[in-house]
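The values are calculated or read from the model by the stated rules, or taken from the named source; none is laboratory data. On a predicted model such as this, the values are computed, not experimentally measured, just so you know. Here the Cβ positions follow ideal geometry from the backbone for every residue, glycine too, while neighbour counts run over all protein chains shown.
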Amino acid sequence: MATDLLKSDPILLRCITKNEVNLLSPTNQSSVLESNRFMQNNNVLSETDKDGISFRKDIISPPSEQSNDSAAAETLAVSVRNLYLAYEKSHPIISNLNMSVRKGTVYGLLGSSGCGKTTLLNCMVGLKKWDLGEILVFNKRPGATSSEIPGAKLGYMPQDIALYDQLSVKEMLQYYGQLYGMPEKEVGEQITFLIEFLKLPSKSNLIKELSGGQKRRVSLALALVHSPELLILDEPTVGLDPLLRESIWEYLFKMVEIRKSTVIITTHYIEEARFSNVIGVMRKGCLLVENSPDFLLKQFDCNLLEQVILKLCQKATSVAVGNDGKNGIPHSGYNTSSTSTINYSKELMPRDDPINRKAKSSRSKTSYNVREKFQENWELRSRRRTSISMEDSDEKRKAIRSSTMFQRIQALSTVMWLLLFRHPIFTSMTLFLPAIQILLTVSVLGKDPNGMKIGVVNQELPGQSPNCPYQLMEKKTEFLKGIQNKSCDMTQLGCHFMKELNLVESIEAVPIRSLEVADQEVKNGNLWGYIIIPTNYSQNVVDFAVEQRFARNETLIGSRISFKMDMSNYLGAAIAIRSTFEAYASFMKTLAISCGFDPNEFQLPFLFREPVYGNNDASYHDFVTPVIFITVIFEMPMLVTSILFINDRKLGTLDRARVAGLRFKEVMASYMVTQGSIIIGQTIVCYAMVWTIYEFNVMGSMSLFFAVVLLCGVCGASLGLLCGIFFRDEVGVLMFGAFLAPTLLCYEGALWPLEAIPWIPWRAISYASPTTLLCASFRSIVSRGLGLTHSLVWPGIAVMSAHTVLYWVLSTLLFIGKSK
Ligand SMILES: Nc1ncnc2c1ncn2[C@@H]1O[C@H](COP(=O)(O)OP(=O)(O)OP(=O)(O)O)[C@@H](O)[C@H]1O
């Protein structure tokens, strides 16, 4: 019964796979044979029809026969066989689709919104991968090494505008001309012609200044600029005025007639497709029919294509409804209901536009020949056009398609430069922010602190007064003078020590009345801690000096100064304790000299000689500056690259350029070239600002210094590219950037020595991270003046280079993987 239903509807049969035909009656082999015979008969039938006869044999041939017929394949520009594509298993977007587009024809692809037209075109141009089946464009699989698709053989206009807002019309066309490898002179001629033909605004207008319709026309111009052999246009006439739409169709026919180009065009203006040689009607991922408009009008006894499509869809729906229930025929994965039919029908109602009106008025004249009419118009207009001659452009067309990798990299790099140039705020920020960030960080980080408040509870002082008496202050001067006079004052040593403490820049000694008050002050956050000078401290110090080894316990304890610190701020407390030690060492030395002792006896038993690298006054600041520099130079290109890449992807400009032949490795190279030059600019600015202000010297070779910075930036840009592919939008990138900067600083050993990190897994991760060893290399070049071959320099460069290559490989794999 189901077979009968299909027999009565040859069109529907095309949408059902052989397997499905088998399933119609699995136990009855003869019905299968009958079905196959029916398909063959159908071909014969088609051949006998007079209109559109030259196409139909191929078009309606069963796929298996077709693919074996190499002669027929030669005549096809595009051949699609049993195509299947699904994002979710249960819901195929394209299901068992067969399509044949002859060379030198205009093929109108029709179908309701969401039926899969754009997806199919994206597969043809090599932007999307499919799950099953085969697509051949000029007998080669799109994207195959030997295939010139994507490339200059193809002109593609995507559904989205896919233009750079900040470029002018001329720059946009020049970019594509360069991608296609067109000679400069010819690009100029084509620009002049297309601007006149498509009524585009002047060459110098920026795309952002154009109306929606004008942008669409520029987008179409990009597909036409190189007069390709195959034009794939996804709704090129949307929003254009009827006259312009007519002239576009006229131009397409001219291309087909004179250059033997092939055009595949989708349109929602159904009657417009009547101008095509062949139309294909898609519904829910399946091609319902493929034939000449005149044949279909005759076959369905209609005057308008819209009516044909309506009838087709109604039939498809009624059979599918039957399939669902009564006949037990499995439908090919899509859900068809009566509700959807109603919607579909409404959608296919004739639109009130001039082309449709014209079509309506002419519906009775079956002899109406659109092409003839266009031919007349064309001849008339072409007399006025001097800028292009299709007949003599075959040679020019051959000259195209020779764009080299270098030309394509140059084309995209130029565009990226222009875009940066047209975004002065973004570019200035990119150029100056690293320097400002380094300047700000270096200004506040790593210097020795100043005036950290340390309380002094001097229990040696009489009464409740925490302050040393005025005389004692005076005595301090005398005490200092005593060094020269050798006048030894061994009283109130606590006060003298406090004075010494105040001479240390990092500490401000604050006299405190009692231990309780000092405790409270620390708890209130007013003091970093306090020291306690015990009662009779001076006497005990003297006794200890005299008794030495024989000193009593009380003497020992009484000559000790004790600390009570706020250790919750570890770094501050450590600095305060270190400064107190320094003050104490200085105090004891002064005391010894004034009392005629050998100062060496009172000094710590350590001698700091001239350092191997740097000097004894070196601070954390000197250590951290190169680390901050490397981190910023790594992170900034990473963010900029990923944001630019995501923007390019969102605009659709990247995909479009890929269809024009730009390969991913060339995209990567262009990004590296552009980012590389920005990094050089950033380094010069950073060097000028930071190095000049803080008087840092690069002890090593300047060329090695710049090479390391460049490598670091390129590695950051490579990671940015990977992030740009991985993340859907800028939010993900910004969050990753916010995570990356502090993580790198920790793992680089900038905040804490690496030796303090446990080996497994953290220190191993730290050494494997891109910047850790490079920081060491960079510091070695800047502060130690070491060369490339030194064991402190080359490992960092090697690790960074390995990371760069790794990011390139991962980006390529991820990009390929995401092409579906
Ligand atoms: N990345 C994707 N993930 C999941 N589904 C998708 C994706 N891209 C497209 N689709 C779905 O695939 C179907 C076909 O989309 P497509 O853009 O090819 O339709 P179309 O026929 O070109 O529609 P229109 O005429 O409105 O442009 C739609 O249902 C759409 O929701």
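Within the stretch 94-106, does at least one residue satisfy the condition of being within 32 Å of the chain's Cα centre (by Cα), within 13 Å of the ligand (Cβ to nearest atom) and surrounded by fewer than 19 Cβ atoms within 10 Å (Cβ to Cβ)?
No, the stretch 94-106 contains no residue that is within 32 Å of the chain's Cα centre (by Cα), within 13 Å of the ligand (Cβ to nearest atom) and surrounded by fewer than 19 Cβ atoms within 10 Å (Cβ to Cβ).
If you go through the stretch 83-90 one residue at a time, do you hit one that is among the hydrophobic types (A, V, I, L, M, F, W, C), surrounded by fewer than 20 Cβ atoms within 10 Å (Cβ to Cβ) and without any contact (Cβ under 8 Å) to a residue 24 or more places away in the chain?
Of the residues in the stretch 83-90, the ones among the hydrophobic types (A, V, I, L, M, F, W, C) are 83, 85-86.
This time we only want the ones that are surrounded by fewer than 20 Cβ atoms within 10 Å (Cβ to Cβ), so: 86.
After this cut, where a residue has to be without any contact (Cβ under 8 Å) to a residue 24 or more places away in the chain as well, the list is none.
Scanning the stretch 83-90 turns up no residue that is among the hydrophobic types (A, V, I, L, M, F, W, C), surrounded by fewer than 20 Cβ atoms within 10 Å (Cβ to Cβ) and without any contact (Cβ under 8 Å) to a residue 24 or more places away in the chain.
Read through the list (1) surrounded by fewer than 17 Cβ atoms within 10 Å (Cβ to Cβ); (2) at pLDDT 90 or above; (3) over 28 Å from Pro434 (Cα atoms), then give the number of the only condition that Arg658 fails.
Against the list (1) surrounded by fewer than 17 Cβ atoms within 10 Å (Cβ to Cβ); (2) at pLDDT 90 or above; (3) over 28 Å from Pro434 (Cα atoms), Arg658 comes up short only on (1).
Can you tell me how many residues in the stretch 197-241 are surrounded by fewer than 16 Cβ atoms within 10 Å (Cβ to Cβ) and out of contact with any strand residue (DSSP E or B) (no Cβ under 8 Å at 6 or more places or on another chain)?
The number of residues fulfilling the criteria is 10.
Out of Ser219, Ser247, Ser202, report the one residue that is within 16 Å of the ligand (Cβ to nearest atom), out of contact with any Cys (no Cβ under 9 Å at 6 or more places or on another chain) and on the phi < 0 side of the Ramachandran plot.
Values: Ser247 fails: within 16 Å of the ligand (Cβ to nearest atom); Ser202 fails: within 16 Å of the ligand (Cβ to nearest atom).
Unique residue meeting the criteria: Ser219.
Would you mind stating whether Gly151 is buried (at least 20 other Cβ atoms within 10 Å of the Cβ), over 26 Å from the mean Cα position of the chain (by Cα) and at positive phi?
no
Suppose we filter Asn139, Asn122 for residues that are more than 16 Å from the ligand (Cβ to nearest atom) and either surrounded by fewer than 22 Cβ atoms within 10 Å (Cβ to Cβ) or under 26 Å from the mean Cα position of the chain (by Cα) (or both); which single one remains?
Asn139
Name every residue in the stretch 130-178 that is closer than 30 Å to Leu418 by Cβ and of a type in the set (Phe, Trp, Tyr), in order of residue number.
Tyr156, Tyr164, Tyr175, Tyr176 - these are the residues of the stretch 130-178 that are closer than 30 Å to Leu418 by Cβ and of a type in the set (Phe, Trp, Tyr).
Quick check: is even one residue across the stretch 265-281 out of contact with any strand residue (DSSP E or B) (no Cβ under 9 Å at 6 or more places or on another chain), at pLDDT 80 or above, of a type in the set (Lys, Arg) and not in a loop (DSSP other than H, G, I, E, B)?
no
I'd like to verify a number: residues in the stretch 178-192 that are touching a helix residue (DSSP H, G or I) at 6+ places or on another chain (Cβ under 6 Å) and buried (at least 24 other Cβ atoms within 10 Å of the Cβ), how many?
The number of residues fulfilling the criteria is 1.
With within 14 Å of the chain's Cα centre (by Cα) and either in the same structural domain as Ile630 (by TED's automatic domain parsing) or free of Cβ contacts under 8 Å to residues at least 40 places away in the same chain (or both) as the only criterion, which of Phe727, Phe739, Phe778 stands out?
Of Phe727, Phe739, Phe778, the one residue that is within 14 Å of the chain's Cα centre (by Cα) and either in the same structural domain as Ile630 (by TED's automatic domain parsing) or free of Cβ contacts under 8 Å to residues at least 40 places away in the same chain (or both) is Phe727.
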